[in-house]
């Protein structure tokens, strides 16, 4: 049984329906429309996403971060013509702060089941995470919406003032800089921020805990390359070697309730398979 077959078996044992259907669509020629149908069930009437699309946010109500999760799924399907997109942008407009960004998480999270790190103050500011990747993906797919103009200005402003990054912020910045249309400005900012972004990367492949390795920042070849080929090759070798005996991959952060270990396992297994394919490492 090859690695793709073993991953498929793992997904059937552990993964959510949406991730099993994503695998079928991406690797077995299955229906992309079925993935979109299931994804739409995570979208609320306000246009936002919730309902544990982001497994650590168990509540039904909308939050900013699940919009990013939904957009990555729409990206892999090249489905930004879906009516889910303008509905989500309308939701984002409703929660945008005065400076044009959306918060990392809304105070309504306090009334829901969630991982213990999902906390916020009463009046959270806009944050690059998830404003920047959401804006970047909208730019990638040439979506026009009034929300995007202010969000783009917000991201430029935040990046201009940035001196250092935590890993999620660095990854958010990279997505924005990779796809924002003003390429000269993006490449200039990338050159200025490159060392700060690299400082957020863990290069020691034996490191444990919730660290972020090069392939977390470069899950596919980028128009703004951060890493040399030898670094990428070593990390791809490690990813291949990291497939578990039962065929999947798991997260390196605390799994605070048994269910999320399964849900994240399916999601990360799909993510890693997509990375391996993007770099030409899938067999056959």
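No value in this document is a laboratory result; all are computed from the given coordinates. None of these values were measured; they are calculated from a predicted model. Note that we place each Cβ from the backbone using ideal geometry, even for glycine, and neighbour counts take in every protein chain shown.
Can you work out the PRE-style zone for residue 13? Point 7 Å along Cα to Cβ, and I want the residues of region 234-250 with backbone N under 20 Å.
Flagged as within label range: 239-250.
So how far apart, in nm, are the two label points at residue 113 and residue 257 if each is 7 Å from Cα heading toward Cβ?
That separation, rounded to one decimal, is 0.3 nm.
Starting from the 7 Å offset along Cα-to-Cβ, what nm value, one decimal, do you get for the label separation of residue 164 and residue 223?
3.1 nm
Would you mind computing Rg(Cα) / (2.2 N^0.38 Å) for region 42-200, counting N as its residues?
Scaled against compact globular proteins, the figure is 0.99.
Tell me, Kirkwood radius of region 76-170 from alpha-carbon pair distances, in Å?
Kirkwood hydrodynamic radius for region 76-170: 14.4 Å.
In percent, what relative contact order does region 33-179 have, based on Cα pairs under 8 Å that are 6 or more apart in sequence?
21 percent
What is the Cα centroid distance between region 82-129 and region 149-193, reported in whole angstrom?
Here the answer is 19 Å between Cα centres.
Which residue fluctuates most in the GNM of the chain (Cα springs below 10 Å): 230, 153, 37?
Looking only at 230, 153, 37, the largest GNM fluctuation is found for 230.
Would you please give the FRET efficiency between residue 206 and residue 99, computed as 1/(1 + (r/R0)^6) with r the Cβ-Cβ distance and R0 = 35 Å, to the nearest 0.05?
Approximately 0.30, to the nearest 0.05.
Under the rule of -39500 (n - 2.57) per DSSP H run of 4 or more residues, summed and divided by the residues of the chain, what mean residue ellipticity at 222 nm is obtained, to the nearest 500 deg cm²/dmol?
When only DSSP H runs of four or more count, the value is -17000 deg cm²/dmol.
Once you have the Kirkwood Rh of region 134-284 from its Cα pairs, apply Stokes-Einstein at 10 °C and 1.306 mPa s and quote D in µm²/s.
94 µm²/s
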